[in-house]
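Structure record follows, encoded as structure tokens.
The values are calculated or read from the model by the stated rules, or taken from the named source; none is laboratory data. Since the structure is predicted, the reported quantities are computational estimates derived from the model, not experimental observations. Note that each Cβ is placed from the backbone with ideal geometry, even for glycine, and that neighbours are counted across all protein chains shown.
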There are 2 protein chains.
Amino acid sequence: MKRQVYFISDSTGITVEALGHSLLSQFQDLKFEYTTLRYLDSLNKVENLCQTINDFSGEARPLIFSTLVDGQLRAKLSKANAHIFDLMGKFLTPLEEILDTQASSALGHTHGPGPDKHYEHRMDAVNYALLNDDGITTRHLDRADIILIGPSRSGKTPTCLYLAMQYGVYAANYPLVEEDFELMRLPDILAKRHAQLFGLSITAERLHQIREVRRPESEYASIKQCQYEVKQIGILYRENRIATCDVTQRSVEEIATRILPHLHLP
Amino acid sequence: MKRQVYFISDSTGITVEALGHSLLSQFQDLKFEYTTLRYLDSLNKVENLCQTINDFSGEARPLIFSTLVDGQLRAKLSKANAHIFDLMGKFLTPLEEILDTQASSALGHTHGPGPDKHYEHRMDAVNYALLNDDGITTRHLDRADIILIGPSRSGKTPTCLYLAMQYGVYAANYPLVEEDFELMRLPDILAKRHAQLFGLSITAERLHQIREVRRPESEYASIKQCQYEVKQIGILYRENRIATCDVTQRSVEEIATRILPHLHLP
């Protein structure tokens, strides 16, 4: 039987989804059925939710994770026949005491309402990543906080986009080509930007697997070609003392956060 | 004086940053200085952190928000001379009771370690968004969970990328052009995909402001042109009964989460 889980927010729900999933991932043997309710910003909406939950006739009371901020809404929610994890209430009261300040009870501000002060910067970084993807243009490389290199399909593009979207990092990426592997030399345009370079490493087996999905049974996807590229690029990284991260078993979020300490901040 | 704030995680730190920022955004009159420490996954690392904090000589004890999962690491951290908000500890014990199951104490699983089961899907959606951006190709529109339309620079591309990256949504976007506004008709390729369409609305003033940054003093960025496009597109949306979201004051996270209920799931 699946336990019902509600993620409830007066805003985007991104925070409560993240913490809720993180907590429940500690119970991997159990099955959960998730529902996210966003923008629950009126007494009426919270009351309707309580009604729905109280009408719920399953055997196990549902779990509710909530980042509702407003005290009235939280009080209303607490009446629901469920196990309630009030992520705001739990911490706001002690925070008020420590900081000796009243919380403003404004609606969630993490991902809204409205663009944060960092916002224009993040969006500009996204545009930068799109424009400076895969060496399309190299005119703006000086502006890069980081230039990712790595074999084709090692995840350079999504990593750049994530760095931009989440952290406002100006991330470019540049593809190494057959010629670079043969000459075993970084292209001039990269060699003179050593401090900005960061290399993605991956096993030949994983690279082969990813490329096979893209271009099945091609020379490009063959294990032989992947082994060759992975070997050559490993030597290039070492000889040029380029910081690297193994991406084989890592998500784009993990790769991005492992790159953060290496940013070339002007 | 700025209060020192530490976000501490055994994994990417994305969750603890989100919840911490959300809580502290309720105290907008105060100033905080943030430090995120990621991949703090050994007693040694936590001990070093405690040392640093205990050596800290400021007047106010720092705030620590932590999503450390391992009990030993949490116990060690609790010795630091700081106000500790243990986001896992606070909820794992009651969860264990309610679920009648021992938490696994595995390291954070929200954004790692390793790709989640949803991961390939999310990355495929990112590739889809890149390939189906701005009407570059229309061959794959049938596959779209949503097709965003809206004036140029209203945020279609970053919204598609966010939907893909965060939620694995296949989001395409298609630019309306001068001719569509003059004929006041949806292009055929969109008209026959009504269920997938979603319109972004924006005020002429904001559109003008965004375009001015891009192409200062151009006809394209002029308030007159923006007013014309915004008016015509509004009529197009209404006449074709297209679901819309006003993006003027909204972040890409807010726009994306407001689109989620409108997905055209096959």
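For this structure, a couple of remarks:
- All positions within the stretch A:172-199 that are in contact with a strand residue (DSSP E or B) (Cβ under 7 Å, 6 or more places away or on another chain) and among the basic types (Lys, Arg): A:Arg193
- Taking (1) within 21 Å of the chain's Cα centre (by Cα); (2) over 21 Å from B:Ile136 (Cα atoms); (3) surrounded by 20 or more Cβ atoms within 10 Å (Cβ to Cβ) in turn, B:Val230 satisfies each apart from (1).
- Selection within the stretch B:138-173 - small (Gly, Ala, Ser) and within 14 Å of chain A (Cβ to nearest Cβ): B:Ser152, B:Ser154, B:Gly155, B:Ala164, B:Gly168, B:Ala171
- Look at the stretch A:135-155: where a residue is within 19 Å of A:Ala243 (Cα to Cα) and a partner is assigned to a loop (DSSP other than H, G, I, E, B) and among the basic types (Lys, Arg), sitting 6+ places away or on another chain with Cβ atoms under 7 Å, you get A:Leu141/A:Arg193; A:Ile147/A:Arg193.
- Residue selected from the stretch B:205-219 under the condition within 21 Å of A:Tyr128 (Cα to Cα) and outside any helix (DSSP H, G or I), by the criterion nearest to the chain's Cα centre (by Cα): B:Arg215
- Residues in the stretch B:67-99 that are facing chain A (nearest Cβ under 8 Å) and in a helix (DSSP H, G or I): B:Lys90, B:Phe91, B:Leu92, B:Pro94, B:Leu95, B:Ile98, B:Leu99.
- Strands (runs of 3 or more DSSP E) wholly inside the stretch B:1-66 that include at least 1 residues being assigned by TED's automatic domain parsing to the domain that holds B:Gly89 and buried (at least 21 other Cβ atoms within 10 Å of the Cβ): B:3-8, B:63-66
- The number of residues in the stretch A:25-42 being facing chain B (nearest Cβ under 10 Å), touching a helix residue (DSSP H, G or I) at 6+ places or on another chain (Cβ under 8 Å) and not polar (S, T, N, Q) comes to 5.
- Test for B:Pro187: is it modelled with pLDDT of 95 or more and in the same structural domain as B:Val247 (by TED's automatic domain parsing): no
- Only residues that are surrounded by fewer than 20 Cβ atoms within 10 Å (Cβ to Cβ) and in a helix (DSSP H, G or I) were counted in the stretch B:134-156, giving 5.
- All conditions in (1) in contact with a Lys or Arg (Cβ under 9 Å, 6 or more places away or on another chain); (2) modelled with pLDDT under 95; (3) among the aliphatic types (A, V, I, L, M) hold for A:Ala221, with the sole exception of (2).
- Residues being in contact with a strand residue (DSSP E or B) (Cβ under 6 Å, 6 or more places away or on another chain) and β-branched (Val, Ile, Thr) - total across the stretch B:219-254: 3
- A count restricted to the stretch B:165-187 and to residues that are part of a helix (DSSP H, G or I) and within 18 Å of B:Pro151 (Cα to Cα) stands at 6.
- Test: residue in the stretch B:191-204 that is of a type in the set (S, T, N, Q), over 27 Å from A:Thr157 (Cβ atoms), more than 14 Å from every other protein chain (Cβ to nearest Cβ) and part of a helix (DSSP H, G or I): no
- Total residues in the stretch B:220-266, condition within 14 Å of chain A (Cβ to nearest Cβ), in contact (Cβ under 8 Å) with a residue 12 or more places away in the chain and in a helix (DSSP H, G or I): 8
- Selected residue [over 20 Å from B:Arg122 (Cβ atoms) and either assigned by TED's automatic domain parsing to the domain that holds B:Asn127 or hydroxyl-bearing (Ser, Thr, Tyr) (or both)] from B:Pro151, B:Pro158: B:Pro151
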